[in-house]
Structure formats: structure tokens, C-alpha cells
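The block underneath contains the structure these notes are about, expressed in C-alpha cells.
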Amino acid sequence: MSHGNESGRPSVSLGRSTPLLAVLLLLLAAWFGWSTVNQWLQSGAAVALEQARDQAVADVQGAVNAQAAQFSKQLALEPVKAALANGDAAATALAVREKWTGVEDAQVLDATLAPAYADPAGFGYSRLALLELALAENKPVARVVRDNGGPRLGLAAPVQLQGKVAVIYIRQPLTRLTTVFDSIDSPSRAFLGLRQGAFTIVQKGNSELGSSADALARPVGETGLRVVAELPNVAESPLGLGLISGALVTVLLAATALLLLFGRKRLSTLAVLRKKDDGVQDSGLTLQESLQHEPLPVVTSARAADDEAPRPEPGAEAVVPGIFRAYDIRGVVGSELTANVATLIGHAIGSEMQAQGLRDVVVGRDGRLSGPELVEGLIEGLRRAGCDVIDIGMAPTPVVYFASYHLRAGSCVAVTGSHNPPDYNGFKIVIGGETLSGDAITDLYRRIHEGRLQHTDSPGSLQQREVIADYVQRIADDVQLDRPLKVVADAGNGVGGAVAQQLLEAIGAEVIPLYCDVDGTFPNHHPDPSDPHNLQDLVQTVKRFDADIGLAFDGDADRLGVVTKEGKIIYADRLLMLFAADVLTRNPGAMVIYDVKCTGKLSDYILRNGGSPMMWKTGHSLMKAKMRETDAELAGEMSGHFFFKERWYGFDDGLYAAARLLEILAQRDETPSEILDELPDAISTPELKVAVTEGTQHAQVALIVAAAQAEESPFASARISTIDGLRADFNDGWGLVRASNTTPVLVLRFEANDEAALERIKTVFREQLRQVLPAETELTF
């Protein structure tokens, strides 16, 4: 019966498809249900973790207070008073320790701290800073210090030793603080810890979450300690549904599936009867037969067989070696950088990531007109290598760095020309948390020309995310001004203008925006705050609005410039003094790194504030690498790059540096100008640049270094440093000449105690340069 046969097939199809549909609905219900349960568990864990964190803050504060109270009690003992009155430091130390269980050591030093400053490294920078803090605040203080080969709880208090100011130091075991964590109940899958600076004193739970735990940190009073906490990320719920919505969808899907299964028997019986009538046989394919008919795609990571020699990619000849610089990739758009070149660069970056077992990468760009095209090419290359890309759109370079942490990608590429002219653009690259520089940059060029590029059958994924709001919130949660300050923010029409005003207002400042509209042609002035000429509009605006201070950012906002109310430029090396003093109050003995262009007064200032100074090569990627190597808490360059590892992530961030500067200034009663004027100063020049032939600057500096080291050299009386060019430190000043790693210029800077010494040092360098440079080279300094 032909009619019955045709009419029977839909019934048979319906009977067979019903259970499949029900199973699919049950799977969806399980997916939504699993996500809902995870959200519920995460919500409960978050509440428990916050309670544990707050309990830890209170308990640690209580432990510190108890030790301080016991210290005061010991100082009030009659034997202690008698020993102090007699001027007997040894007897005082013994009397203080009497009946104070657990004290490991006690010392009494006079207020000059001469023995400590004679050998600060041997004495311990953190101990020295603790003693200075006690003398400065004129009260007992407590900090975690490094003593006797490891971390200890240190206490110090000022006293009168036979009428003269002295300070008592007490060393306690760290268990005075850490034991309070034993009784705190926190979720096992979360992280809870106690930190001072970057040092984790004690921790509980999942240690892998420690790197991001500062997001939920709370300070422990004025102790310099903070309790940090973090929960693991939970996969985003399907369709972005919340807890209640997800539960409802789960119930509806499950109910629908059960209804379909409940009615299956009746439908199946009807189908069988119709099949008997029509004589129709079920010819449906099994799963195995379906796979044989159309196998699942197989993803391969190699482009060719192992024995096939790699070949350069098409268009590789357009990639020129000159754009691969010391710190980043940078070139002229059109002639050196095109979308195709960006694709090959992205492909090389992605291949290097794959070689390191990495896939996720964040991409962002500044406001230059060439940015969108280059980003598109870059992303295409990254995805060809199999990388999963998160595009955050137009954002300052520090926000791109932040996103790599915040989104837990670990790698990122910022498409930016930084402070260069509008026709330039480039790429700042971080792979696995390490900023590429030197050989790692040039190896990308070799990958392209040697054909060592990874290929996959299916490209990596691409998603868009907005993170600027998260960046602002993260900083505002940690930094708030104690009093409002009126600030002029000059972004120079760079991408920092998209963030500066909302960030500074979020921390409590009154902001007057100047050139904060993003314009990749930079119509008002060049976005380079290290050049005084670019700060003139800012100076005038600060005066016009009677603002407290003026802040300037470069093209991608990773550098900061500052002018006072009176129009005085505060160079970055003096700002670094202020930052160092602040950081060292919470991290005594910490390493502070500065580049060869910074003032000679910086090292002494860091030492006096209990820090460990180190001079290093100029360059943002080189500084970050040195910070990682030395575990430094802070670094800065004369160009205005500041790197905070304390309370931040260690990358250069002009916006964050501005927030920290305002925080420090707002904590004191003096005006910002008065605070900044207190910093040690000298007569100095800004960065001076001498143009030379492209590619010759390093060779010329090498000749100058060789001549300076000769016996009859005019530099014979100076201390010579050659870690980056030639720096000569005389008794009354210093001078520097180094080769720029980004442009064909020699960079010079001079500083001295008076004008006569400054001119003498400049003359010595000028005469040395004339012996090396071509006669037509103009030396205007």
C-alpha cells in the first residue's frame, strides 16, 4: 500500500527522534544545573572567605597590639628604667627581655644608628627601616623584618638613654602572627594569606590563587600588613543567567524531557503498528556507521611532516629587521608596518606561545589611526597559530597588561606607538608574564624568515571583552585619597585620555581634563612628558585653574610627568624618591631599581629610608626583567616609567603611578608643592639628544667608553659605570652618554651641585664627543 508507506514514515521518525530529543534536553538541564550548583557553591564560599578574611584582620591586629602592649609594659619595669637612667645599653636589653617569653634578641642603639648605617646590608635594611620608623613616629612599632637568616617579627621603641635619644629593638618569632591563622576556618578551595609587600608570611588553601589574591585584600591597621584572599574562577553560566534564573531553566528543561519520555511508549506502539501495515523497515544509521560515513575532524598542530623543511611564509620578505628593537617592535606605518606584516608578527608571537605551551592572549591598541588595521592583522596571525584571543579594543598599554592578569591569560600584545610620532606604530609583547626584549624580540624575526611558524587546522577562538571599568575599580578599591586634590590631567590626546579622568575621580580627586579626547594625530602637542616643551600647556592650565598639581601621560599612558602649582617640573627620579619612601615604610629593606639617567642623590635617599638601591639599564622591558630577577618592590626610569610590584603587578603604569602619587600627597597636611620641594634636588639638565646616523649610535658610544677608560682620560678622577653607555660620577656631579635603543640618537644628561661644576662636566663630555662624532654633528648642550 503506497499511501500507507508514505504516511507511515513520519510516524516512525517521530517515534525514534523523541527519545533523542529528550536525552538532549536532559543533557542541557544537567549543564544548566551544574552551572547553577557551582554558582551557589561559589556564593557560599565567597561569604565564608570574606568572613575568614575579616576575622584574620582582627586577629592579626590583636596579636600585634598585644605585643606592643607587652613591649610598653616591659619598658615600664623598674630595672629597665634604672638601666636607661644609667646609660647602660646592655643592661637595658637584658632587663627588657626579663620574663618576656619567646624573645629571641634585644638591642639598644643610639639615635644616629651609626653601626647600622656603617654596614646596612649586613645589619639588614628592613631592621634599619624599622628603627628609623620608631624614631620618626616616636612610639613603639612592629613590622615583619629579615633577621637571623629569616623572617621575624620585629618591634622597636624610642627611649631616653641617660638623657639621649636611643631606640630598643626586639626580635620575636614569626609565630606570634602566624598562629592566629590556625584557628581560622576558610574554604579549602580558596586562598587566604597574610602579606607584607610581596612577601607572603602565612597562607592557607589553594596556593595557585595567590598571585591574584590582592583583589580582595584588607589592610591590618597601620602595621604594613594585609590579609589577602581569592576564590577560583567559576565558568560563566550559560546565557549569562543568574542563580535563580539558571535553576528555573534547569527545572523546565528536565520537566520537558520527562514529558517526552512519558509519552514515548504510546508513540512507539503506534509506529510499530504502522510499520506492520506498511511493511517499512527501519534503515537508520548507527552512531558507528555515521562516524564511518563522516568521521570527526582531526586537529593537527604541525603544518607538515617532520621531515619537510620549513619555508618562509608568503610576504615574509616585507618584514624588515630594523623594526625589531631592544624593547619592542616599532616602525613606520605603510613602509615598514602593514596589515600583512602584522599578521606575520602575530603568527610568530603565537608560535612562540605554542612552543611554551600557552594559548590565551589579550590584545589591545592605542588611539592611533593605524591601530584597527594592525590589530586585525595581528589577531589573524595569532589565531593561525592556534591561540585563543581576547580583544579588549582601544585601551592604554597598562590596561592591556592588567587584562592579561585579570583575565588570567598570562600573555598580551599592546599595539602602540607609545610616544612616537603619529605615523609610527608597534607592538609591546608579554608571553607567559615576561615582557619580550633583546634576543627574544629578534627571534620573532628569525621565526618569520626561517618559516618556523605553527599552523593548526582550525584557528583559535576570538572574543571581545571590556576591562577598563574593572581596571578603574581594581585601583579605586585599593587607593582612596584622604582629602580631595584638584588635578589637571593632560593626556596629550593619547589613549590615556579614555581612562585618566574617570580613574582619578574614582579615587577622590577633582579632575580638570586637558587634551583627554583621543586623537591619533596628536593635534595639540607631542605625547611625551619627558620633554619639557610638551608640558607648557599643562603648566599654564594648572596656574589658570589654581590646581594643586598637574599630571601628564604619554601616548599609551605607561609614563607619567608631573608639574607643581608654581609650574616647576618634578622629574621622574625625584618622584621615585617619594614612591620609594612610601613603599619602604611597608617593605623595609626592599630593593628599589632605577636607571642610569637618574639623579645621584637617589641612592642615598633610598638607603636613608631603609631600602636597597640598584642602578640598571634603561628600558621598560629590561627593568621589568631585573625586577623579576631581584624580586624588587619598585623601579623607575628618568623617562617616567614607574613599576610597582607592591600592591600592583610590577608593570609600568603611568595611570597607576598617578593614583599612588595623589594618595601620598593627600595623606599629609602640607601642600603638594611643599612635599615635593622637600625632596633632595640638584642642578641638572633634562634628557639631551644628539642626532646621529641611523645604526651608528652603539658603535659611537663604544668608542667613547674606550677613550674614557684610557689612563690620560679626563674621566680618570670619576667613578665610571658602563652598564648602559658611559656614566661618570665626579665628587660634585655626574654626566651620562648612552645610545638610544629606539631612535638614532645619543642620550645625555648632566647633574651637579652648582652651575660651575655642571658646565665643567658638560665640557668634558662635549670634548670627548667631538673626538668621536663627525665634525658636522651639532652639539648644542
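For the reader, a short list of remarks on this structure follows.
- Taking the criterion of being surrounded by 15 or more Cβ atoms within 10 Å (Cβ to Cβ) and part of a helix (DSSP H, G or I), the residues of region 59-80 that qualify are ASP59, VAL60, GLN61, ALA63, VAL64, GLN67, ALA68, GLN70, PHE71, GLN74, LEU75, VAL80.
- Scan region 185-201 for residues that are over 23 Å from the mean Cα position of the chain (by Cα) and free of Cβ contacts under 8 Å to residues at least 40 places away in the same chain and the total you get is 1.
- Taking region 367-383 as the range and being in a helix (DSSP H, G or I) and not charged (D, E, K, R) as the test, the residues that pass are GLY371, PRO372, LEU374, VAL375, GLY377, LEU378, ILE379, GLY381, LEU382.
- Pairs are defined by a Cβ separation below 8 Å, a sequence spacing of at least 6 or placement on different chains, a first member in region 379-402 that is under 18 Å from PHE642 (Cα atoms), and a second member that is modelled with pLDDT under 95 and open to solvent by less than 10 Å² (accessible area, probe 1.4 Å); the pairs so defined are THR397/SER418.
- Scanning region 81-94 for residues that are free of Cβ contacts under 8 Å to residues at least 60 places away in the same chain and either assigned to a loop (DSSP other than H, G, I, E, B) or of a type in the set (Ser, Thr, Tyr) (or both) yields a count of 1.
- All positions within region 382-392 that are over 18 Å from ARG408 (Cα atoms) and surrounded by 24 or more Cβ atoms within 10 Å (Cβ to Cβ): ALA385
- Residue within region 146-153 that is open to solvent by 20 Å² or more (accessible area, probe 1.4 Å), under 30 Å from the mean Cα position of the chain (by Cα) and at positive phi present: yes
- Pairs meeting the criteria (first residue in region 711-727 and without any contact (Cβ under 8 Å) to a residue 60 or more places away in the chain and open to solvent by 60 Å² or more (accessible area, probe 1.4 Å), second residue in a loop (DSSP other than H, G, I, E, B) and not charged (D, E, K, R), beta carbons under 7 Å, at least 6 apart or on different chains) are ILE720/GLN709.
- Residue match in region 571-579 (condition: closer than 27 Å to MET394 by Cα and out of contact with any Gly (no Cβ under 7 Å at 6 or more places or on another chain)): no
Residue by residue, here is whether (1) under 30 Å from SER603 (Cβ atoms); (2) open to solvent by less than 60 Å² (accessible area, probe 1.4 Å); (3) of a type in the set (D, E, K, R) holds:
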{"residue": "LEU84", "(1), (2), (3)": "no, yes, no"}
{"residue": "LYS99", "(1), (2), (3)": "no, no, yes"}
{"residue": "ASP119", "(1), (2), (3)": "yes, no, yes"}
{"residue": "LYS139", "(1), (2), (3)": "yes, no, yes"}
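- Exactly one residue out of ALA414, ALA348, ALA409, ALA403 is assigned to a helix (DSSP H, G or I), of a type in the set (Gly, Ala, Ser) and in contact with a strand residue (DSSP E or B) (Cβ under 6 Å, 6 or more places away or on another chain): that is ALA403.
- Residues (crowded, with 24+ Cβ neighbours inside 10 Å and in contact with a Leu (Cβ under 7 Å, 6 or more places away or on another chain)) located in region 645-658: GLY654, LEU655, ALA657, ALA658
- Region 311-327, residues that are aliphatic (A, V, I, L, M), open to solvent by less than 30 Å² (accessible area, probe 1.4 Å) and over 30 Å from the mean Cα position of the chain (by Cα): ALA316, VAL319
- Criterion applied to ASP457, ASP519, ASP531, ASP537 was being in contact with a Phe, Trp or Tyr (Cβ under 9 Å, 6 or more places away or on another chain) and either among the acidic types (Asp, Glu) or under 22 Å from ALA339 (Cβ atoms) (or both), and the one residue passing it is ASP537.
- All positions within region 448-483 that are more than 27 Å from the chain's Cα centre (by Cα) and either charged (D, E, K, R) or within 30 Å of GLU510 (Cα to Cα) (or both): GLU450, ARG452, ASP457
- Selection count where residues are farther than 16 Å from HIS455 by Cβ, under 23 Å from the mean Cα position of the chain (by Cα) and open to solvent by 50 Å² or more (accessible area, probe 1.4 Å), scope region 344-369: 4
- Filter pass, GLY610 being closer than 22 Å to LEU551 by Cβ, crowded, with 17+ Cβ neighbours inside 10 Å and either in contact (Cβ under 8 Å) with a residue 40 or more places away in the chain or in contact with a Lys or Arg (Cβ under 8 Å, 6 or more places away or on another chain) (or both): no
- Residues within region 617-634 that are without any contact (Cβ under 8 Å) to a residue 60 or more places away in the chain, of a type outside the set (Ser, Thr, Tyr) and assigned to a helix (DSSP H, G or I), tallied: 4
- Test for GLU759: is it open to solvent by 20 Å² or more (accessible area, probe 1.4 Å) and not hydroxyl-bearing (Ser, Thr, Tyr): yes
- Of the candidates VAL413, VAL467, the single residue that is touching a His at 6+ places or on another chain (Cβ under 7 Å) and in contact (Cβ under 8 Å) with a residue 40 or more places away in the chain is VAL467.
- Region 95-151, residues that are in a strand (DSSP E or B), of a type in the set (Gly, Ala, Ser) and within 19 Å of THR178 (Cα to Cα): ALA142, GLY150
- Verdict on ALA739 being of a type in the set (Gly, Ala, Ser) and either out of contact with any helix residue (DSSP H, G or I) (no Cβ under 9 Å at 6 or more places or on another chain) or surrounded by fewer than 17 Cβ atoms within 10 Å (Cβ to Cβ) (or both): no
- Any chance ASP490 is among the charged types (D, E, K, R), open to solvent by 30 Å² or more (accessible area, probe 1.4 Å), in contact (Cβ under 8 Å) with a residue 12 or more places away in the chain and in contact with a helix residue (DSSP H, G or I) (Cβ under 6 Å, 6 or more places away or on another chain): no
- For region 183-199, filtered to residues that are assigned to a strand (DSSP E or B) and at pLDDT 85 or above, the residue that is nearest to VAL144 (Cα to Cα) is LEU194.
The values are calculated or read from the model by the stated rules, or taken from the named source; none is laboratory data. Everything numeric here is computed off the predicted structure, so don't read it as measured data. Don't worry about glycine lacking a Cβ; one is built from the backbone with ideal geometry, like all the others, and counts go over all protein chains shown. With ligands, DNA and RNA removed, areas are computed over all heavy atoms of the protein, side chains included. Shrake-Rupley method; radii C 1.70, N 1.55, O 1.52, S 1.80 Å.
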